[in-house]
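J.: Quick one: the structure is below, questions incoming.
Laboratory data are not the source of any read-out in this text; all were calculated from the coordinates shown. No experiment lies behind these values; they were computed from the predicted model shown. A quick note on method: Cβ atoms are made from the backbone with ideal geometry, for glycine too, and the neighbour counts reach across all protein chains shown.
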Amino acid sequence: LITLGIETSCDETSAAVVAGGRKILSNVILSQTEWHEKFGGVVPEIASRKHLESICAVVEKAFQEANVDFNEIDLVAVTHGPGLIGALLVGVSYAKAVAYATKKPLIGVNHIEGHIYANFLENDFEPPFICLVVSGGHTHLIHMEDHGKYTVLGRTLDDAAGEAFDKIARALNLGYPGGPAIDKIARMGDENAISFPVAQIKGSDLDFSFSGLKSAVLNFLNHCRQKGTPVKVEDVAASFQKAVVTALVENTIEAAKKTNCRVIALAGGVAANSRLREEFQKRAGDSFEVRFPPVKLCTDNAAMIACAGYYRYRQGFLSDFSLEAYANLKLF
Ligand code: ATP
Ligand code: MG
Ligand code: FE
C-alpha cells in the first residue's frame, strides 16, 4: 500500500511517498525559515502564502524521487491539525483535491500523532512504550499502549520545551529557529556555570513547567546587563539546556517506572537535541531502551504523517471531503 503524505501545519511544506506504512520512498521538505527569520518567528500569513506557492512543486518532486505517480498511490494522508489554520488549510485542500481526482481514500492525521510515528519509519518498532513528545508547541508524556491507544501521563503547564528553546535563543540573539542554535553553541559552554531552577510541580510530578526557568534566564541576563558583567552566551545556553534536559529526562524515567515500561521513545523537534539524546542514553543504562528518530525525522516532515495515516487507515478510520483543518485539534 502506497501512501502520499502531506504536511503544511507550520513552516515546512512537505510531501512524502511511503510504502507499507514504514518504508520511505521519498520525503521532500521545503523549509520556509528564510522568510520568517527576520521576524524572529513564524508569520502565519507568510506561511500560508508560501505553502500555496510551493505545494504543487513539492508533491511533484516527491513523486519524482519515489518514481511513482498519482495513479499509483492507494491512500492520501494529510495533517489537519493542530497548527496554523491558514497553513493547514493549504495541505487539507490540496489532499482533498488529490483524493477526489484519483478516487483514493483520504485520511486526516493529527500532527502530534505524526511526530510519534516518526519512530516507526524504516524499522519494525512496535508499542507499548513511553513517548516523550517535545516540539515547538507541545510537551507531552504519553503511554502508547497500542496503535491509536494513548494515555497522557504528563504535560507542560505553560511553555512547550521547543518554545522555551526558541525564546531563550532570541534573548541570546542566536536567531530563529533557536533549538539548533542553542544545541550547537552549548557544546562550547560549561553547563554547570549557572544553576538555573528545574521546576518541581507539587501534586502532579509528571507535568512540566518551563516558564519559571525562562524567567530565571531572562532575569540573569538583565542582571548582567545592568551590572555591566559580560555574558558568556555559551555558558548560559549550556546551563539553560541542562535544566530543560534534566526535567525532561527525570519525568520520563519516572513515567516509565510507574507504568512498568522498559521502552522509551522520543518525538518532536526537541528530540533532535544532542544533549537530550546523550543524557537519555546515559540515564537509561541497562534498565531502559531509548529510541529516537533520525534528526531529520524529528522536525516536521510528511513521511511521519504518511506513516500515522497508514496505521489509522488500517484501524478502520477514514475521512471524507468534509474533512476540516483545526488549529487546536486534540489527540487526547
Ligand atoms: P508542533 O509540532 O508542536 O506543532 P512545530 O511543528 O513547530 O510544533 P517541531 O517541528 O516538532 O515543532 O519542532 C520545532 C521545534 O524544535 C522548535 O522549537 C526548535 O527550536 C526545536 N528544535 C529543533 N532542533 C532542536 C535541537 N537540536 N535542540 C533543541 N530544540 C530543537
Ligand atoms: Mg518548522
Ligand atoms: Fe511539529
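J.: So what's the chain giving for Cα Rg divided by 2.2 N^0.38 Å, two decimals?
T.: Normalised Cα radius of gyration, the chain: 1.00.
J.: Something else now. Assigning unit charges at the beta carbon (Lys, Arg +1; Asp, Glu -1) and nothing else, what dipole magnitude in debye, to the nearest 20, does region 10-75 show about its Cα centre?
T.: Result for region 10-75 is approximately 140 debye, rounded to the nearest 20.
J.: So if I place +1 on the C-beta of Lys and Arg and -1 on the C-beta of Asp and Glu, and nothing else carries charge, what would the dipole magnitude of region 162-296 be about its Cα centre? I want it in debye, nearest 20.
T.: Computed charge dipole of region 162-296: roughly 180 debye.
J.: Starting at the first residue of region 127-132, write each ³J(HN,Hα) from the Karplus equation 6.51 cos²θ - 1.76 cosθ + 1.60 with θ = phi - 60°, in whole Hz, x for Gly and Pro.
T.: Listing the rounded values in order: x, x, 6, 8, 10, 9 Hz.
J.: Straight-line reach from Lys214: which aspartates and glutamates fall under 18 Å, measuring Cα to Cα and dropping same-chain residues less than 8 apart?
T.: In chain and number order, the partners are Asp158, Asp159, Glu163, Asp166, Asp183, Glu191, Glu234, Asp235.
J.: Under the definition of Cα pairs under 8 Å and six or more residues apart, what whole-number percent is the relative contact order of region 252-298?
T.: Once normalised by length, the contact order is 47 percent.
J.: May I pose another question? Can you list the aspartates and glutamates whose alpha carbon is less than 18 Å from that of Lys103, not counting same-chain residues fewer than 8 positions off?
T.: Asp69, Glu72, Asp74, Asp320
J.: A further question on this structure: Roughly how many Å is it from the Cα centre of region 43-59 to that of region 114-190, as a whole number?
T.: Value for the Cα centre distance between the two parts: 25 Å.
J.: OK, next. Straight-line reach from Lys149: which lysines have Cα under 21 Å away, leaving out those fewer than 8 places along the same chain?
T.: The reachable lysines, counting only those whose Cα sits under 21 Å from Lys149, are Lys257, Lys258, Lys330.
J.: Okay, moving on. If you average the sequence gap of Cα pairs under 8 Å that are 6 or more apart and divide by the length of region 106-213, what percent do you get for the contact order?
T.: On the way: 145 pairs, mean separation 21.8, N = 108.
In percent, rounded to a whole number, it is 20.
J.: So, one more: Which Cα, out of Asn219, Gln315, Asn328, lies furthest along the positive dipole direction of region 200-332 (beta carbon charges, K/R +1, D/E -1)?
T.: Result: Asn219, furthest along the dipole toward the positive end.
J.: Okay, next question. Could you sort out which of Lys38/Lys227; Lys167/Lys202; Lys38/Lys296; Lys184/Lys296 sit more than 18 Å apart by Cα distance in this structure?
T.: Lys38/Lys227; Lys167/Lys202; Lys38/Lys296
J.: So which trypsin sites (Lys or Arg not before Pro) in region 210-314 are both in a DSSP loop and have at most 14 other Cβ atoms within 10 Å of their Cβ?
T.: Qualifying residues, ordered by number: Arg262.
J.: To continue, here is another question. Write down the percent of antiparallel bridges among all DSSP beta bridges whose residues are both part of the chain, to the nearest 5.
T.: Taking every DSSP beta bridge within the chain, about 60 percent pair in antiparallel fashion.
J.: Charges only on Cβ, +1 for Lys and Arg, -1 for Asp and Glu: so what's the dipole of the chain about the Cα centre, in debye to the nearest 20? Don't skip to the end; give the middle numbers.
T.: Values: 33 positive and 38 negative charges, 99 e Å.
Here the chain has a charge dipole of around 480 debye.
J.: Once the Cβ-Cβ distance between Thr229 and Met188 is put in as r, and R0 is 25 Å, what FRET efficiency do you end up with, to the nearest 0.05?
T.: It comes to 0.85.
J.: Stokes-Einstein at 20 °C, 1.002 mPa s, Kirkwood radius from Cα pairs: D for region 130-222 in µm² s⁻¹?
T.: The diffusion coefficient I find is 147 µm²/s.
J.: Could you work out the mean projected area of the convex hull around the alpha carbons of region 208-332, in square nanometres to one decimal?
T.: The orientation-averaged projected area of the Cα hull of region 208-332 comes to 11.3 nm².
J.: Principal axis extents for region 183-282, Cα atoms only, whole Å, descending order, please.
T.: So the extents along the principal axes, rounded to whole Å, are 51, 31, 21.
J.: Sticking with this one: According to a simple spin-label model (label point 7 Å from Cα along Cα-to-Cβ), what is the distance in nm between Lys149 and Asn219?
T.: 4.6
J.: With helices defined as uninterrupted DSSP H runs, which ones in the chain have an alpha carbon span along their own long axis of at least 27 Å and mean Kyte-Doolittle hydropathy of at least -1.0?
T.: Sorted by number, the helices that extend far enough and score high enough are 44-66, 233-259.
J.: Hey, another quick one. In whole percent, what relative contact order does the chain give with Cα contacts below 8 Å and a gap of six or more residues? Present the calculation step by step, with values, prior to reporting the outcome.
T.: Numbers: 757 pairs, mean separation 84.4, N = 332.
It comes to 25 percent, rounded to a whole number.
J.: Another one. How large is the direction-averaged shadow of the alpha-carbon convex hull of region 58-166, in nm²? Display every interim value, and only then the final one.
T.: Numbers: hull surface 34.3 nm².
Mean orientational projected area (region 58-166, Cα hull): 8.6 nm².
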